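Reviewing the structure listed below.
The values are calculated or read from the model by the stated rules, or taken from the named source; none is laboratory data. Because the structure is a prediction, the values reported are computed rather than measured. Here the Cβ positions follow ideal geometry from the backbone for every residue, glycine too, while neighbour counts run over all protein chains shown. For the accessible areas, the whole protein counts, side chains as well, though only heavy atoms, and no ligand, DNA or RNA atoms are used. Shrake-Rupley method; radii C 1.70, N 1.55, O 1.52, S 1.80 Å.
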Amino acid sequence: MLRLVSLKLGRLYRYVKLAVLGSLAAALVLNTHSLLASLQRNELSERRFLQLNKCPACWGTSWCRKFLNGQLRLESWGRLRLLDFFNVKNVYFARYGEPREGSRRVVLKRLGSAQELADIDTKICRRATGRGRCDLLQALPATEFASLNGDVRLLTPGAVEGWSDLVHCPSQRLLDRLVRRYAETKDSGSFLLRNLKDSERMQLLITLAFNPEPLVLQSFPSDEGWPFAKYLGACGRMVAVNYVGEELWSYFNAPWEKRVDLAWQLMEIAEQLTNNDFEFALYLLDVSFDNFAVGPRDGKVIIVDAENVLVADKRLIRQNKPENWDVWYESKFDDCDKEACLSFSKEILCARVTVDHNYYAVCQNLLSRHATWRGTSGGLLHDPPAGIAKEGRLEALLDECANPKRRYGRFQAARELREYLAQLSSNAR
């Protein structure tokens with residue numbers, strides 16, 4: 001009976017798949033003229049496609065000259081607007097050309113789905129006029145995004161606290177860093193908010209409120225060793241970042257030696273974001289196989305989706321000494337039946353100096369037997385060689401890191417796992 005049901009479901013899946021492909025083929029045939037036109041023109045040089053008319057309710061304008069001059073072109077399939085139905089996240093691959101450097105691949109992001117971007121307009125209108133639709137440019141001066149214009153000296157925690165994960169519990173030190181490193185202004189380098197133009201201030205605040213990923217990439221840049229993709233620039237509601245490589249999930253069945261090296265790098269990233277000389281703890285609130293990518297040449301693991309990053313200032317925590325600030329915090333294992341589950345309290349992450357959240361997130365959602373992704377299970381370190389499996393140490397460390405049985409067990413397991421993976425990776429070379 002079960003086999004009969006599975007066969008029927010299999011046939012149904014094939015029929016649906018064929019129907020979708022057939023519909024797409026029909027649409028392509030019926031729209032041949034518009035299809036050829038879309039392949040010939042460069043939409044990345046069109047102000048409407050970039051939604052430049054939304055500015056300053058946009059992400060920036062630092063790369064507009066490059067876009068409008070035709071230096072960026074969408075790769076072949078990215079030019080087909082009919083395929084936007086499948087591109088829910090609004091992520092595009094493009095070629096960027098400089099006269100002396102040649103062409104290279106970049107990633108373009110709208111930083112939200114079409115509905116999410118429409119919701120931004122609606123929220124701005126409601127805040128300004130009480131209605132869902134309005135003229136954005138006329139409405140913006142009546143919102144909190146314009147209230148910090150004029151001679152306001154600093155961006156302060158009280159003005160933006162809780163707007164997004166990045167500033168769920170901001171310190172003045174963090175906000176000064178955001179303003180000083182803001183790349184969408186010609187006068188970057190100053191932490192004084194009043195040194196920005198009114199439009200730049202609004203762009204900064206809107207980005208901070210709706211999708212702070214560009215600000216994470218700018219404030220913790222790859223050039224300084226942070227494990228994030230490199231921010232390049234923006235035009236309207238399109239942001240450009242460097243192309244890193246294939247996403248981590250494509251290495252799920254890579255040779256054992258490669259997966260061990262990637263696992264070690266992931267644990268190193270967890271350590272770097274948790275403990276660093278700057279005393280900023282960057283906690284990853286969304287950890288899944290498509291949030292990381294691997295460089296094809298150097299094999300380096302990089303975070304390519306940084307929207308959900310909470311930053312806690314350890315110096316401020318030590319200074320304010322909130323309740324239990326010096327008690328080690330252990331994240332609770334979440335054995336849910338969905339992909340990429342994580343259990344955490346933002347308030348606790350903001351109030352403790354010693355936290356195991358990043359180790360927990362990487363072990364549970366990427367490395368251990370509890371990790372599932374797109375129908376696969378067993379985590380990145382599935383099916384180890386017979387000798388390693390027989391020894392049992394790797395499995396024991398992964399289990400303790402994901403779901404500790406002893407108090408503070410994850411802290412010790414994470415440290416030992418990093419050392420053991422380094423050893424396995426060295427032996428495999």
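Quick notes on this structure:
- Going by accessible surface with a 1.4 Å probe and the largest first, Lys230, Lys186, Lys109 read Lys186, Lys230, Lys109.
- Taken one residue at a time, the phi angles of region 358-365 give Karplus couplings (6.51, -1.76, 1.60, θ = phi - 60°) of 5, 5, 4, 4, 5, 5, 6, 8 Hz. Gly and Pro are set to x.
- Helices that extend 20 Å or more along their long axis by alpha-carbon positions and average at least -0.5 on the Kyte-Doolittle scale are, among the DSSP H runs of the chain, 2-30, 114-129, 256-274.
- Cβ distances below 4.7 Å define possible disulfide partners, and in the chain every cysteine has one.
- Charge dipole (debye, nearest 20) of the chain; +1 at Cβ of Lys and Arg, -1 at Cβ of Asp and Glu: 1220
- Put Asp298, Asp261 in order of accessible area, highest first, and with a 1.4 Å probe you get Asp298, Asp261.
- Probe 1.4 Å - accessible area at Asp151, Å² to nearest ten: 140
- Sites Gln319 and Arg41, calculated FRET efficiency, Cβ-Cβ separation with R0 60 Å, nearest 0.05: 0.60
- The chain: translational diffusion in µm²/s, Stokes-Einstein, Kirkwood Rh over Cα pairs, 4 °C, 1.567 mPa s: 54
- Taking amide H positions as modeled 1.01 Å from N, with prolines and chain starts lacking one, the residues under 5 Å from Phe228 and 5 or more places away or on another chain are Ser222, Ile303.
- Reachable lysines, given that their alpha-carbon falls under 22 Å from the alpha-carbon of Lys314 and they are not under 8 places away in the same chain: Lys332, Lys346
- A simple charge model with +1 on the Cβ of Lys and Arg, -1 on the Cβ of Asp and Glu and nothing else charged puts the dipole of region 246-428 at about 420 debye relative to its Cα centre.
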